[in-house]
Amino acid sequence: FLGRFYWYTGQLNIAWETLLESLDLLQRLGAREHRLLPLLFLAEMQETLEESASMYKECLVLAREIGDQWAAGHALLLLGINSVRAGDYQEAEASWQEALKNFKQNRDPGGISFTLGWLSMLAVDRGRYQEAVSLAQESISVAREDDSIAAYWLAQALCANGRYAQAQELLQQVLVLSRETDDKPLLSQCLLYLGEIAIQTGDYARAEERIQESLALTVISDPWGFAVRNHDALGRVDLAQDEYLQSRGHLQDALRI
């Protein structure tokens, strides 16, 4: 867990070393089943999608061998995220549906809510907007009352449906919670979506302010490559205001990342 903390705070080298140390200690102790978590965390840190997928599959095999439904569910969940990054939405949906089945069998409300949230995001990406809202609402129904991530997913689905006022109200609540808990990845995503709403309503000054703040947070920690979407959004803000040179710069940054 310390290794994962280092990764989320941008300390990649020490994160890698700490997770390898964890694996080494567990290997010497003969605690084979406990190797799953550091393996899952290391898989998230791989430089290529192929390497990540290979490690997630290794974790899935081990989880099934020892009968760990929770770990199998998380391996499938992360394998699905990996598939989305690779552009294979069909494979992602299959992985997440199987993960959802695992979490339901294990009676894991956190895993169920998280998987439903990712399925909602996938529905948005595939243009199935009403389904996205339904999945996000189901995610909230099984989550804790203060689950800001589930609220963020619903806000994202509402945005896709053009229900900007409702989405903005939810995002403002998530913004307060993520600032209180210093959850930088969630704060960055929340600010970006508030910026996207401002773009849709033509408030370009507010959009740029929100998105620039979101982008600044990705410098500290950006485990999901969120800076790409920030540069893309800033490029669209500049384009809407006929700032072609600045727009080109942001879009080139997005492509480079």
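The values are calculated or read from the model by the stated rules, or taken from the named source; none is laboratory data. Keep in mind that what you see is a predicted model, and the values were worked out from it rather than measured. For neighbour counting, all protein chains shown are included, and Cβ atoms are generated from backbone atoms with ideal geometry for every residue, glycine included. For the accessible areas, the whole protein counts, side chains as well, though only heavy atoms, and no ligand, DNA or RNA atoms are used. Shrake-Rupley method; radii C 1.70, N 1.55, O 1.52, S 1.80 Å.
How tilted is helix 184-200 with respect to the longest principal axis of the chain? Cα atoms for both, answer in degrees (0 to 90, nearest 10).
Roughly 30 degrees between the two axes.
Charges only on Cβ, +1 for Lys and Arg, -1 for Asp and Glu: so what's the dipole of the chain about the Cα centre, in debye to the nearest 20?
On the way: 22 positive and 37 negative charges, 88 e Å.
Using only the charged Cβ atoms, the result is roughly 420 debye.
In what sequence, largest accessible area first, do 238, 203 appear using a 1.4 Å probe? Could you put the intermediate results ahead of the total?
Numbers: 238 5, 203 75 Å².
Of 238, 203, the descending order of accessible area is 203, 238.
On C-alpha positions alone, give me the angle between the axis of helix 164-181 and the longest principal axis of the chain, in degrees, nearest 10.
Once rounded, the angle reads 50 degrees.
Per residue, how much accessible area does the chain show when a 1.4 Å probe rolls over the protein heavy atoms, in square angstrom? The partial results should precede the final answer.
Working: 13270 Å² over 257 residues.
Result: 52 Å² per residue.
Obtain the nm distance between the two label points defined at residue 201 and residue 9 by a simple spin-label model: each point lies 7 Å from its Cα along the Cα-to-C-beta direction.
3.6
Post the alpha-carbon centroid distance, the range 193-257 to the range 34-83, in whole angstrom.
Cα centres, the range 193-257 to the range 34-83: 32 Å.
So, in nm, how far is label residue 244 from label residue 1 when the simple model puts each one 7 Å beyond its Cα toward the Cβ?
Placing both labels 7 Å along Cα→Cβ, they lie 5.5 nm apart.
Between residue 176 and residue 137, what is the label-to-label distance in nm when each label sits 7 Å out along the Cα-to-Cβ direction?
Label-label distance for residue 176 and residue 137, simple model: 2.4 nm.
Identify, among 118, 225, 31, the residue whose Cα sits farthest towards the positive end of the charge dipole of the chain, taking +1 on the Cβ of Lys and Arg and -1 on the Cβ of Asp and Glu, with the dipole about the Cα centre.
About the Cα centre, the residue reaching furthest to the positive side is 31.
When the accessible area of the chain is split by element with a 1.4 Å probe, what percent falls to carbon and sulfur? Walk me through the numbers before you get to the answer.
Details: 6770 of 13270 Å².
Here it works out to 51 percent.
Using only the alpha carbons of the range 56-150, what is the convex hull's orientation-averaged projected area in square nanometres? Intermediate values should be presented prior to the final figure.
Numbers: hull surface 23.2 nm².
The Cα convex hull of the range 56-150, projected and averaged over all directions, gives 5.8 nm².
Using the Cα centre as the reference, give the magnitude of the dipole from point charges on the C-beta atoms of the range 153-257 (Lys, Arg: +1; Asp, Glu: -1; all else neutral), rounded to the nearest 20 debye. Spell out each step's value before the answer.
Details: 9 positive and 15 negative charges, 45 e Å.
Dipole of the range 153-257, to the nearest 20 debye: 220 debye.
More than 28 Å apart: what percent of Cα pairs in the chain qualify? Intermediate values should be presented prior to the final figure.
Values: 12398 of 32896 pairs.
Pairs farther apart than 28 Å: 38 percent.
Compute the label zone of residue 27 within the range 34-69: residues whose backbone N is under 14 Å from the point 7 Å along Cα-to-Cβ.
Only 35-36, 38-39 pass the distance filter.
About its Cα centre, how strong a charge dipole does the range 41-143 have in debye, to the nearest 20, once Lys and Arg get +1 and Asp and Glu get -1 at the Cβ? Mind dumping the intermediate values first?
Details: 8 positive and 15 negative charges, 82 e Å.
The dipole of the range 41-143 has a size of about 400 debye.
Between the helical axis of 148-160 and the dominant principal axis of the chain, each derived from Cα atoms, what acute angle in degrees is found, rounded to the nearest 10?
Its long axis makes an angle of about 50 degrees.
By the gyration tensor of its Cα atoms, with a ≥ b ≥ c the square roots of the eigenvalues, what is the shape of the range 1-85: rounded for a/c under 1.5, prolate for a/b over b/c, or oblate?
Judged from the Cα gyration tensor, the range 1-85 comes out oblate (a/c at least 1.5, b/c at or above a/b).
So, R0 is 41 Å and r is the distance between the beta-carbons of residue 65 and residue 257; what FRET efficiency does that work out to, to 0.05? Before the final figure, lay out each step's value.
Working: r = 38 Å, r/R0 = 0.92.
Plugging the Cβ-Cβ distance into 1/(1 + (r/R0)^6) gives 0.60.
Restricting to DSSP H runs of at least four residues, report the calculated mean residue ellipticity at 222 nm for the chain, -39500 (n - 2.57) per run over all residues, nearest 500 deg cm²/dmol.
Values: 14 runs with 209 residues, N = 257.
Result for the chain, helices only: -26500 deg cm²/dmol.
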